[in-house]
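Following: one structure in structure tokens, then a few remarks.
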Amino acid sequence: MRFQLLLIPPALFAPAVVQAGTYLTLEQAQQAIFPGETFTPADLVLGKEQVEELLRVSRSPMLRSRVRAWKTSGGGWFVLDQVFGRDDRITYVIGIDASGAVRGIEILVCDSGYDGIRNPRWLEQFHGATHATAGAMAGTIVNISGTTLSVEHITEGVRRVLATHALYLARG
Amino acid sequence: MSSPRTPCILRAASTERARPLLGTMVSIRLEGLPRACANDAIDSGFAAVEFVQRLMSFHEDASDVSRANRDALARPVQVHPQTYAVLRQAQAIAEESAGVFDICVAGRLVEWGILPLPRAARPPDPGASWRDIELGPDYTLRFHRPLWIDLGGIAKGYAVDRAIEAIAPAGAQQCVVNAGGDLRVAGRATERVLLDAERDPGDAVAVLEIENLGLASSSGLRHRRRHGGRAAGPHVHGRTRSVMGARSFVSVLAPTCVVADALTKVVMAQRRHALPLLERHGAAAYWHSPRLGWRAIGGDPPVSTEETQ
């Protein structure tokens with residue numbers, strides 16, 4: 001057991017040094033949840049009434065009317081979603097199997113700051129190279145202790161995605 | 001803080017995934033394994049954490065903890081050997097800390113709205129403590145007064161240890177399991193961990209360098225709240241049943257994460273007086289408050305990086 005506590009003057013400690021919370025790319029997450037399967041984009045744009053129904057059924061906040069979804073070759077669904085905490089934004093995916101059960105949940109990125117959230121091209125950063133390089137800066141600190149992130153809003157997000165699947169995707 | 005660029009080939013062999021588990025975010029990072037092997041190993045790590053969650057959740061009706069809270073006053077309740085192992089560890093630390101660490105503080109946490117009210121369980125006797133829990137033969141436990149147990153102050157660390165154990169056979173060069181700041185490092189490389197204590201913009205940033213050990217941190221600062229005009233929070237002193245740590249941050253380093261997790265609560269309550277207990281477990285701690293800064297308890301004092309450069 002070896003350890004040492006370093007106290008670093010803030011002037012020497014650039015915020016960019018902390019790079020916690022960048023995990024899988026979209027493609028890696030697909031293969032982690034549905035290994036070997038292929039994925040067909042099946043996005044869905046919800047109408048006003050559908051959004052209202054989902055809010056009522058899932059009691060979970062809704063950020064976008066466009067649902068980012070893929071149908072898998074094994075009959076499952078793969079959905080990309082984002083939720084917001086007080087200080088953080090979590091981008092995650094849910095794999096739902098052909099019977100409607102959750103096959104897996106993987107977090108892609110957990111970051112603070114909301115830059116670009118309204119940007120319609122937000123999805124692009126989670127694809128391949130862009131995402132992978134973001135998480136691989138040399139000399140970064142990737143571990144944090146002492147911040148207990150609540151995942152309550154992920155629970156809400158999952159409830160909303162499952163409702164979306166049951167009401168719209170699975171029936172599609 | 002800069003370090004030489006890592007060759008791409010090494011970086012490509014790093015796989016990290018995260019899932020919402022144990023009410024927080026659990027991440028697992030493996031170095032030195034092909035991605036498919038790493039994915040399998042990480043799956044087994046997450047499965048180990050999920051198993052602990054199912055057994056020891058205060059929230060889930062079917063968990064060992066909920067079954068005990070419902071029935072252990074009336075009759076012995078048999079639990080899974082893993083739950084039993086955590087209970088034994090909790091009871092040992094309760095005894096060693098003279099009740100500062102006590103898994104019976106759940107009543108207070110329910111009262112303060114931090115834990116949900118258990119269904120169909122008799123309200124706890126406010127005077128009940130760890131001494132009223134009897135661990136019997138064949139993985140059974142029994143309560144001698146109405147009480148509620150909550151393993152929230154120890155099970156997260158235990159789950160991290162089980163994940164490390166589940167992943168070990170895969171033979172990764174380096175493995176880090178982090179359950180919302182309670183983490184364990186297995187492997188030869190030094191890991192840097194940011195200790196996210198509350199600080200003013202001009203204060204130093206605390207970064208811990210660790211090898212091959214368990215680390216847990218507790219802070220009441222971000223979670224403090226009021227209940228009935230008095231301070232409340234997730235960390236309850238076992239003997240006084242009052243909130244603690246509302247102004248402090250504690251990190252404990254220990255050979256296992258379960259011990260580190262449990263001892264954060266003792267250090268929070270006793271600060272340097274917890275030293276004998278830390279030493280008995282081969283552990284050390286750092287304690288921080290915005291007014292007094294960082295203090296080492298048992299380990300080397302913090303090093304200001306200006307001195308080393």
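Summary table
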| quantity | calculated |
| --- | --- |
| Residue match in segment B:266-282 (condition: closer than 21 Å to B:Ile103 by Cα, under 20 Å from the mean Cα position of the chain (by Cα), modelled with pLDDT of 75 or more and polar (S, T, N, Q)) | yes |
| Qualifying residue in segment A:50-72 (condition: within 10 Å of another protein chain (Cβ to nearest Cβ) and either modelled with pLDDT of 90 or more or touching a strand residue (DSSP E or B) at 6+ places or on another chain (Cβ under 7 Å) (or both)) | no |
| Flag for B:Ser14 being over 30 Å from B:Asp138 (Cα atoms), at the interface with chain A (Cβ under 9 Å from one of its Cβ atoms) and modelled with pLDDT under 90 | yes |
| Top-ranked residue in segment A:32-41 [being within 12 Å of A:Ser73 (Cα to Cα) and surrounded by 12 or more Cβ atoms within 10 Å (Cβ to Cβ); ranked as farthest from the chain's Cα centre (by Cα)] | A:Glu37 |
| Out of B:Arg142, B:Arg188, sole residue that is touching a strand residue (DSSP E or B) at 6+ places or on another chain (Cβ under 6 Å), farther than 22 Å from B:Val258 by Cβ and not aliphatic (A, V, I, L, M) | B:Arg142 |
| Residues of segment B:256-309 classified as in a helix (DSSP H, G or I), of a type outside the set (S, T, N, Q) and without any contact (Cβ under 8 Å) to a residue 24 or more places away in the chain, total | 6 |
| Criterion violated by B:Ala47 - all others in (1) within 12 Å of chain A (Cβ to nearest Cβ); (2) closer than 14 Å to B:Pro118 by Cα; (3) part of a helix (DSSP H, G or I) satisfied | (2) |
| Selection within segment B:83-124 - in a helix (DSSP H, G or I) and basic (Lys, Arg) | B:Arg88, B:Arg108 |
| Tally, over segment B:97-143, of residues that are acidic (Asp, Glu), more than 30 Å from B:Glu279 (Cα to Cα) and modelled with pLDDT of 85 or more | 2 |
| Of all residues making up segment B:171-225, the number that are of a type in the set (Val, Ile, Thr) and surrounded by fewer than 19 Cβ atoms within 10 Å (Cβ to Cβ) | 1 |
| Tabulated pairs, segment B:154-173, first under 27 Å from B:Lys265 (Cβ atoms), second among the aromatic types (Phe, Trp, Tyr) and at pLDDT 95 or above, C-beta under 8 angstrom, 6+ apart or interchain | B:Arg162/B:Phe51; B:Ala163/B:Phe46 |
| Cross-chain or 6+ apart pairs with Cβ under 8 Å, segment B:80-105 first and closer than 15 Å to B:Asn69 by Cα, then surrounded by fewer than 24 Cβ atoms within 10 Å (Cβ to Cβ) and acidic (Asp, Glu) | B:Cys104/B:Asp132 |
| Test: residue in segment B:65-82 that is within 29 Å of A:Ala32 (Cβ to Cβ) and either charged (D, E, K, R) or touching an Asp or Glu at 6+ places or on another chain (Cβ under 8 Å) (or both) | yes |
| Residues of segment A:83-134 satisfying the condition of being assigned to a loop (DSSP other than H, G, I, E, B) and at pLDDT 75 or above | A:Asp97, A:Ala98, A:Ser99, A:Gly100, A:Ala101 |
| Within segment B:144-228, strands (runs of 3 or more DSSP E) holding 1 or more residues that are modelled with pLDDT of 95 or more, over 14 Å from the mean Cα position of the chain (by Cα) and more than 8 Å from every other protein chain (Cβ to nearest Cβ) | B:174-179, B:182-187 |
| Residue match in segment B:89-96 (condition: among the polar types (S, T, N, Q) and either at pLDDT below 95 or surrounded by fewer than 19 Cβ atoms within 10 Å (Cβ to Cβ) (or both)) | no |
| So B:Tyr158, is it closer than 16 Å to B:Ala260 by Cβ and not charged (D, E, K, R) | yes |
| Residue tally, condition farther than 17 Å from A:Val93 by Cβ and touching a helix residue (DSSP H, G or I) at 6+ places or on another chain (Cβ under 6 Å), over segment A:151-172 | 0 |
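Let's see how each residue does on (1) closer than 21 Å to B:Val236 by Cβ; (2) surrounded by fewer than 19 Cβ atoms within 10 Å (Cβ to Cβ); (3) among the aliphatic types (A, V, I, L, M):
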{"residue": "B:Asp40", "(1), (2), (3)": "no, yes, no"}
{"residue": "B:Gly45", "(1), (2), (3)": "no, no, no"}
{"residue": "B:Ala48", "(1), (2), (3)": "no, no, yes"}
{"residue": "B:Ser57", "(1), (2), (3)": "yes, no, no"}
{"residue": "B:Ala62", "(1), (2), (3)": "no, yes, yes"}
{"residue": "B:Val65", "(1), (2), (3)": "yes, no, yes"}
{"residue": "B:Val79", "(1), (2), (3)": "no, no, yes"}
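The values are calculated or read from the model by the stated rules, or taken from the named source; none is laboratory data. Keep in mind that this is a model prediction, so the values were computed, not measured. Glycine also receives a Cβ, built like all others from the backbone with ideal geometry; neighbour counts cover every protein chain displayed.
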